[in-house]
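Below: one structure, written as structure tokens.
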Amino acid sequence: MNQPIKELCIITGVGPATGTELVRRFSERYRIAMLARDKTRLDSLSQQIPDSYAYTCDLTNKQQIGEVLAKISQQHGTPTIIIHNAVGHAFGNVMEIDPEAVETNFQINTIALLQLIQTLGPDMINAGKGALVVTGNTSAYRGKENFAAFAPTKAAQRILLESAARHLGPKGIHVAYVAIDAVIDTPMMRGMFPDETDEFFCQPKDIAEECFHIAHQPRSAWAFEVMIRPYIETW
């Protein structure tokens with residue numbers, strides 16, 4: 001007996017931590033179109049994970065985004081799930097930041113999100129179902145001193161997504177913002193916090209699990225904003 005074709009999930013920002021775990025978790029139910037700049041990583045994942053497909057894409061390049069999304073639509077059809085996990089993250093205080101770094105962050109965090117919505121949203125609306133999940137952080141809510149190039153773009157991302165939720169929600173598309181108030185467990189972060197225990201870090205696998213849960217909430221109880229943190233995190 002032929003197996004039914006899995007629905008499609010598009011994931012941006014497929015890096016070695018959260019992005020990879022998102023691919024692993026969602027691939028249990030969906031075909032995955034993976035977007036990132038690192039072709040080698042994507043090709044390796046596509047060989048490891050069934051029904052995952054690599055699409056090299058620079059999210060600061062609007063033309064390239066358009067071409068990649070058109071290719072995905074042609075090859076795989078309309079997505080049921082979109083997860084915008086890509087992040088631009090240059091840092092610095094307000095006196096030292098390069099305006100071009102702010103522009104790059106804004107392109108990845110906010111403009112690329114808008115392009116995803118405008119390009120893929122019409123077909124999802126026609127289907128009358130789906131979910132758009134964005135991974136964020138507490139910079140979307142506060143501007144700390146050395147986050148002047150980053151926080152404004154994440155705040156804009158969250159507000160754009162709220163507008164999207166008000167427009168798309170009544171049309172059957174669940175829109176949600178998952179803010180991660182934590183240091184994510186990666187080799188780089190372990191190096192920056194060498195004295196911290198395992199409990200200090202938020203595990204990429206657990207982030208992916210929460211995103212999966214949110215993407216499948218019943219329509220009578222949709223969440224828009226969800227904030228997650230390790231139990232010992234000070235807040």
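Filter the stretch 1-60 down to the residues that are among the polar types (S, T, N, Q), within 16 Å of the chain's Cα centre (by Cα) and more than 21 Å from residue 205 (Cα to Cα) and list them by number.
Once the filter is applied, which keeps residues that are among the polar types (S, T, N, Q), within 16 Å of the chain's Cα centre (by Cα) and more than 21 Å from residue 205 (Cα to Cα), the stretch 1-60 yields 56, 60.
For the stretch 1-30, what are the residues that are part of a helix (DSSP H, G or I) and either without any contact (Cβ under 8 Å) to a residue 40 or more places away in the chain or of a type in the set (A, V, I, L, M, F, W, C) (or both)?
Result: 22, 23, 26.
Tally the residues that are under 15 Å from residue 208 (Cα atoms) and at pLDDT below 90, restricting the search to the stretch 179-194.
Qualifying residue count for the region: 1.
Just one of the numbered conditions (1) within 22 Å of the chain's Cα centre (by Cα); (2) surrounded by fewer than 16 Cβ atoms within 10 Å (Cβ to Cβ); (3) over 19 Å from residue 86 (Cβ atoms) is not true of residue 203; which one?
(2)
Give the stretch 92-113 a look and list any residue that's surrounded by fewer than 17 Cβ atoms within 10 Å (Cβ to Cβ) and either at positive phi or touching a residue at least 12 places away in the same chain (Cβ under 8 Å) (or both), or say none.
92, 93, 94, 98
Please find, within the stretch 31-60, the residue that is surrounded by the fewest Cβ atoms within 10 Å (Cβ to Cβ) out of those that are assigned to a strand (DSSP E or B) and β-branched (Val, Ile, Thr).
Only one residue fits best here, namely 56.
Give the residue, chosen from 122, 194, that is exposed (fewer than 14 other Cβ atoms within 10 Å of the Cβ), under 25 Å from residue 30 (Cβ atoms) and not aromatic (Phe, Trp, Tyr).
122
Which one of these does residue 223 not meet: (1) in contact with a strand residue (DSSP E or B) (Cβ under 7 Å, 6 or more places away or on another chain); (2) surrounded by 14 or more Cβ atoms within 10 Å (Cβ to Cβ)?
Single failed check for residue 223: (2).
Of everything in the stretch 61-70, what is of a type in the set (Val, Ile, Thr) and either assigned to a strand (DSSP E or B) or over 16 Å from the mean Cα position of the chain (by Cα) (or both)? Give them in sequence order.
Correct list: 68 only.
Going residue by residue through the stretch 114-133, is there one that turns out to be touching a residue at least 40 places away in the same chain (Cβ under 8 Å) and among the charged types (D, E, K, R)?
Looking through the stretch 114-133, at least one residue is touching a residue at least 40 places away in the same chain (Cβ under 8 Å) and among the charged types (D, E, K, R).
Out of the residues in the stretch 191-235 meeting the condition of being part of a helix (DSSP H, G or I) and among the aliphatic types (A, V, I, L, M), tell me which one is farthest from residue 175 (Cα to Cα).
Filtering the stretch 191-235 for residues that are part of a helix (DSSP H, G or I) and among the aliphatic types (A, V, I, L, M), the one farthest from residue 175 (Cα to Cα) comes out as 192.
Against the definition (surrounded by 19 or more Cβ atoms within 10 Å (Cβ to Cβ), of a type in the set (Gly, Ala, Ser) and under 23 Å from residue 16 (Cα atoms)), how does residue 148 come out, yes or no?
Answer is no for this residue.
Let me confirm something: among 182, 176, which residue is over 19 Å from residue 88 (Cα atoms) and surrounded by 19 or more Cβ atoms within 10 Å (Cβ to Cβ)?
Checking each option against the conditions leaves just 176.
Quick check: is even one residue across the stretch 46-53 in contact with a Cys (Cβ under 7 Å, 6 or more places away or on another chain) and either modelled with pLDDT under 95 or closer than 23 Å to residue 215 by Cα (or both)?
no
For the stretch 65-80, indicate whether the set of residues that are on the phi > 0 side of the Ramachandran plot and exposed (fewer than 15 other Cβ atoms within 10 Å of the Cβ) is non-empty.
yes
The values are calculated or read from the model by the stated rules, or taken from the named source; none is laboratory data. Quick caveat: nothing in here was measured; it's all calculated off a predicted structure. Virtual Cβ from ideal backbone geometry, glycine too; neighbours counted across all protein chains shown.
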